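Data first, discussion second: the structure below is written as structure tokens.
The values are calculated or read from the model by the stated rules, or taken from the named source; none is laboratory data. Computed from a predicted structure; not experimentally measured. When we count neighbours, we look across all protein chains shown, and the Cβ atoms used for this are built from the backbone with ideal geometry, even at glycine. Quick note on the areas: whole protein, heavy atoms, side chains included, nothing else; ligands and nucleic acids left out. Shrake-Rupley method; radii C 1.70, N 1.55, O 1.52, S 1.80 Å.
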Amino acid sequence: MSDSSTARPVTVDVWCELQCPDCRTALDDVRALRERYGDRVELRLRHFPLEKHKHSFAAAQAAEEALVQGQGWPYVEAVLGRVEELDRKGEPLLVEAARELGLDAEEFDTALIDGRHILIVDADQAEGKAIGVTGTPTYVVGGERLDGGQSQEGLRERVEELTDRLLAAAGQEAQGS
């Protein structure tokens, strides 16, 4: 019998856009998944900025800087909580949110100017398009895409169902080895 703490967590990719009101609503699902599964699930932020939201590409870069500074998800939650304000204020809000979380705001400003995270955002967006992501939020669990951009009805339950199945399969494999 193998130690369950060495089992690799199930990865749930969360395709998100920080100027998207639906992504703000989906934060409740993300929090519930984190609470239910803890470290058995790795919630991975993936960027899918939409052209209709003019600050979403900069916001994705800022989220990457927050990740580098160790506050990825708290930053995402802070910015999504102010979607309307981001629409009005733009990049200054991204730096302000960083400062409020105690992050190095000057480094955020520099990162937005020098574009050090553009390649990550571009790669996420290209991968999203390649696998059929068309809107946000979209989840990918075990290779299965769940589109929350259309409707979030029953989405968390479906993510949990897939995650439970993957965790059970991983548990069986660990016991069988």
Suppose we filter the range 17-57 for residues that are open to solvent by 40 Å² or more (accessible area, probe 1.4 Å), out of contact with any Gly (no Cβ under 8 Å at 6 or more places or on another chain) and charged (D, E, K, R); how many remain? 11
Among the residues of the range 53-61, is there at least one that is among the polar types (S, T, N, Q) and within 16 Å of Val30 (Cβ to Cβ)? no
Scanning the range 23-41 residue by residue, those within 14 Å of Pro137 (Cα to Cα) and in contact with a Pro (Cβ under 6 Å, 6 or more places away or on another chain) turn out to be Cys23, Ala26
Show the residue pairs meeting these rules: Cβ distance below 6 Å; 6+ apart or different chains; first residue within the range 56-75 and part of a helix (DSSP H, G or I); second residue of a type in the set (Val, Ile, Thr) and open to solvent by 10 Å² or more (accessible area, probe 1.4 Å). Glu64/Ile120
Within the range 122-151, how many residues are crowded, with 17+ Cβ neighbours inside 10 Å and modelled with pLDDT under 85? 2
Filtered residues of the range 109-143 (kept if over 21 Å from Ala98 (Cα atoms) and touching a helix residue (DSSP H, G or I) at 6+ places or on another chain (Cβ under 7 Å)): Thr136, Pro137, Tyr139, Val141, Gly142
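Open to solvent by 30 Å² or more (accessible area, probe 1.4 Å) and touching a residue at least 12 places away in the same chain (Cβ under 8 Å): does that describe Glu84? If you could, list the steps in order and put the result at the bottom.
On the way: open to solvent by 30 Å² or more (accessible area, probe 1.4 Å): yes; touching a residue at least 12 places away in the same chain (Cβ under 8 Å): no.
No; evaluated as a whole, the condition is false for this residue.
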I need a count of the residues in the range 58-71 that are of a type in the set (D, E, K, R) and either open to solvent by 30 Å² or more (accessible area, probe 1.4 Å) or over 22 Å from Val10 (Cα atoms) (or both). 1
